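Right, one structure below, let's go through it.
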Amino acid sequence: MPDFTSEFWSWYVAIPTVLGLVFCVILIWANSSSRDISDKEETMGHVWDEDLEEYNNPLPKWWLNMFYITLIFGAVYLVLFPGLGTFAGALGWSSKARYDKEVSQAEASFAPLYQAYLETPIDQLSQNGDAMGTARRIYSTNCATCHGSDARGATGFPNLRDHSWLYGGEEAAIKTTLNNGRKAAMPSWITVLGETGVDEVSEYVYSLTREPVNPQYVESGKQKFQTMCAACHGQDAKGNPALGAPNLTDNIWLYGGSLGAIKESLIKGRNGIMPAFDEHLNDSQIHLLVAYLNSISDPKNQ
Ligand code: HEC
Ligand code: HEC
């Protein structure tokens, strides 16, 4: 793909455009001025059906004038607006500048409302129907693709209504999550633990919420868990919000709680990524989203 902002391509577009205009002017001028209007008897010399002839009459005046007006319009347009290669036009108009202006006008008109939202405490804001309508639209546009339109999540994408938070559910923690994003780092354990080790630890983790399938593995699995896993998931396996290490005892699973899914988490490692939104959303929009998450996880609104 050629770089159309380069000088060569700019001339490549501009020269034929100008020559095209000049050519049209010459063509029209030659056709209108070369013949006397009253000379109606001259024919093109073609004869059809014995007596049907074609006169060589000049072009009608009104038609010629329309043509001149069109040419003048085209020339003036190309001087004022962008059209000749990279020449920006005498008026400096651009579709981007117009768009930016519309955006900043819209932002200016919403600014007082957004400012008022930002100053409203989360609990109060989540009761405000208008604000939550706006927040739902922000959620649908930015978050629903991953967390689902009902915010109940999917495998690998946390449910945002269940009061179980990887990184903590306080206002400040959620704001950090939304502004900065999160990168979970759970390494793969297969080389460290080997297959039997993975079986043992998986069995222990499984036994925290259900009847173990191979009870003989649970004790050795627990010991391995204390040395390898407790640093992040805690001695009691209740997780650590500072690292986003999930609670493994609450039967809420990001990647599935079957023995197979737990093994897969250990063998592959898990590295969920929540993107940062501080460049796409302003402080008020983030504040609205926190209030929205608060409102949808309220048992009254379930
Ligand atoms: C590209 C997919 C994606 C998008 C878009 C996305 N998220 Fe996330 N989000 C994730 C993933 C994955 C995680 C879990 C990260 C992890 O595994 O630690 C997450 C985690 C979170 C958490 C932390 C949950 C907890 O339990 O602590 C919150 C809150 C959150 N997202 C809210 C949002 C909101 C609000 C939006 C829209 C502004 C959004 N997310 C957009 C993928 C996404
Ligand atoms: C360096 C910190 C760290 C260590 C050590 C660690 N984990 Fe994790 N673990 C995490 C994080 C962070 C996640 C969340 C991954 C994500 O959100 O994508 C996680 C996720 C998991 C999950 C998936 C939970 C779910 O809800 O689906 C399981 C199971 C798990 N870890 C078990 C273990 C076991 C067993 C060990 C020890 C062999 C271990 N982890 C060691 C940080 C760690």
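The values are calculated or read from the model by the stated rules, or taken from the named source; none is laboratory data. What you see is a predicted model; the values in this text were computed from it and never measured. In this analysis, Cβ positions are derived from the backbone assuming ideal geometry, glycine residues included, and neighbour counts consider all displayed protein chains.
For the range 170-202, which residues satisfy the criterion of being more than 8 Å from ligand 2 (Cβ to nearest atom) and of a type in the set (Ser, Thr, Tyr)?
Listed by number, the residues that qualify are Thr176, Thr177, Ser188, Thr191, Thr196.
Which of the residues spanning the range 22-44 are exposed (fewer than 11 other Cβ atoms within 10 Å of the Cβ) and at pLDDT 80 or above?
Ile26, Ala30
Would you check which residues across the range 244-263 are away from ligand 1 (no atom under 15 Å from the Cβ) and not in a loop (DSSP other than H, G, I, E, B) and list them?
Listed by number, the residues that qualify are Leu259, Gly260, Ile262, Lys263.
Looking at Ser140, Ser126, Ser149, Ser188, which is the one that is surrounded by 11 or more Cβ atoms within 10 Å (Cβ to Cβ), within 30 Å of Gly256 (Cα to Cα) and over 24 Å from the mean Cα position of the chain (by Cα)?
Ser188
Name the one entry in Gly85, Gly92, Gly74, Gly169 that is of a type in the set (Gly, Ala, Ser) and within 17 Å of Ser295 (Cβ to Cβ).
Gly169
Quick one: Ala184 ticks every box in (1) among the aliphatic types (A, V, I, L, M); (2) in contact with a Pro (Cβ under 8 Å, 6 or more places away or on another chain); (3) more than 24 Å from Asn282 (Cα to Cα) except a single one, so which number is it?
Here Ala184 clears every test but (2).
Residues checked against (1) of a type in the set (Val, Ile, Thr); (2) part of a helix (DSSP H, G or I); (3) within 16 Å of ligand 1 (Cβ to nearest atom):
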{"position": "Phe87", "(1), (2), (3)": "no, no, no"}
{"position": "Glu102", "(1), (2), (3)": "no, yes, no"}
{"position": "Ala106", "(1), (2), (3)": "no, yes, no"}
{"position": "Asp130", "(1), (2), (3)": "no, yes, no"}
{"position": "Arg137", "(1), (2), (3)": "no, yes, yes"}
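Where in the range 171-243 are the helices (runs of 4 or more DSSP H), entirely inside, with at least 1 residues that are in contact (Cβ under 8 Å) with a residue 60 or more places away in the chain and within 16 Å of ligand 1 (Cβ to nearest atom)?
In the range 171-243, 171-180 are the helices (runs of 4 or more DSSP H) which contain 1 or more residues that are in contact (Cβ under 8 Å) with a residue 60 or more places away in the chain and within 16 Å of ligand 1 (Cβ to nearest atom).
Assuming Leu288 fulfils every condition listed in (1) under 22 Å from Lys183 (Cα atoms); (2) more than 8 Å from ligand 1 (Cβ to nearest atom); (3) at pLDDT 95 or above; (4) of a type outside the set (Asp, Glu) apart from one, which condition is it?
The number of the failed condition is (1).
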